[in-house]
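Data first, discussion second: the structure below is written as structure tokens.
The values are calculated or read from the model by the stated rules, or taken from the named source; none is laboratory data. Being a predicted model, the structure only gives us computed values, none of them experimental. FYI the Cβ positions are ideal-geometry reconstructions off the backbone, even for glycines, and counts take in every protein chain you see. Side chains are part of the model used for accessible areas, which takes the heavy atoms of the whole protein and leaves out ligands, DNA and RNA. Shrake-Rupley method; radii C 1.70, N 1.55, O 1.52, S 1.80 Å.
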Amino acid sequence: TAAGIGAGYEGQCGNINIYGGVIESESDEAAIGAGHKAKCGDINIYGGRINALSRGGAAGIGAAAYDASECQNINIYGGDITAKSNSDGAGIGGGDCGAGGGVCQDINIYGGNITAISGGRGAGIGGGAHGSCRDINIYGGDITATGGRLGAGIGCGGYADIRNILILGGTIVASGGD
């Protein structure tokens with residue numbers, strides 16, 4: 001299936017740039033990002049009120065689950081953002097990667113009021129279950145990140161890898177799963 005905003009089934013899209021507005025996006029794949037077997041460029045959020053929900057194993061904002069789905073960097077500069085995966089994807093980042101895919105590159109957060117939740121085995125911010133992302137860099141913002149069962153609040157999901165986490169500022173509440 002397709003992303004709510006971004007790449008459709010087996011599709012590709014360039015960068016996704018959100019400057020403002022009120023956005024409600026839901027999908028069985030990523031609410032904002034890549035659809036099934038799809039690829040998207042950078043996701044840049046500068047502001048707005050955003051509610052992004054993945055009903056499946058994809059990230060709320062980022063990559064879909066499985067089958068070579070990927071997104072490039074996720075850059076958040078501001079906004080009031082709630083991102084959730086109901087299953088094994090990250091709230092913001094990668095999807096479930098049990099059969100390959102679900103990958104995102106770097107996640108850079110410069111500001112904003114952000115709530116990111118995984119309802120399965122993914123991280124709140126970072127990788128989904130079995131998935132990966134490269135680096136997470138947080139420079140500021142008010143951030144609440146809740147990992148699902150086996151997932152970190154900020155980092156990797158269950159059975160997954162991450163390269164580096166750098167936190168230079170912000171107010172952060174991060175909770176790992178059981």
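Quick notes on this structure:
- Summed over the stretch 144-167, the residues that are touching an Asp or Glu at 6+ places or on another chain (Cβ under 8 Å), farther than 8 Å from Gly126 by Cβ and crowded, with 24+ Cβ neighbours inside 10 Å give a count of 1.
- Residues of the stretch 105-132 classified as assigned to a strand (DSSP E or B) and either in contact (Cβ under 8 Å) with a residue 60 or more places away in the chain or open to solvent by 10 Å² or more (accessible area, probe 1.4 Å) (or both), total: 6
- Test for Glu29: is it among the charged types (D, E, K, R) and modelled with pLDDT under 95: yes
- Selection of the stretch 152-171 for residues being assigned to a loop (DSSP other than H, G, I, E, B), modelled with pLDDT of 95 or more and not aliphatic (A, V, I, L, M) yields Gly153, Gly169, Gly170.
- Taking the stretch 22-67 as the region of interest, none of the strands (runs of 3 or more DSSP E) fully inside it holds 2 or more residues being at positive phi, surrounded by fewer than 23 Cβ atoms within 10 Å (Cβ to Cβ) and among the β-branched types (Val, Ile, Thr).
- Val22 vs. criteria of a type outside the set (Asp, Glu) and within 12 Å of the chain's Cα centre (by Cα): no
- Listed by first and then second residue, the pairs linking a residue in the stretch 68-92 that is free of Cβ contacts under 8 Å to residues at least 40 places away in the same chain and open to solvent by 20 Å² or more (accessible area, probe 1.4 Å) to a residue that is of a type in the set (Lys, Arg) and assigned to a loop (DSSP other than H, G, I, E, B), with Cβ atoms under 7 Å apart and 6 or more places separating them unless they lie on different chains, are Ala68/Lys37; Asn86/Arg55.
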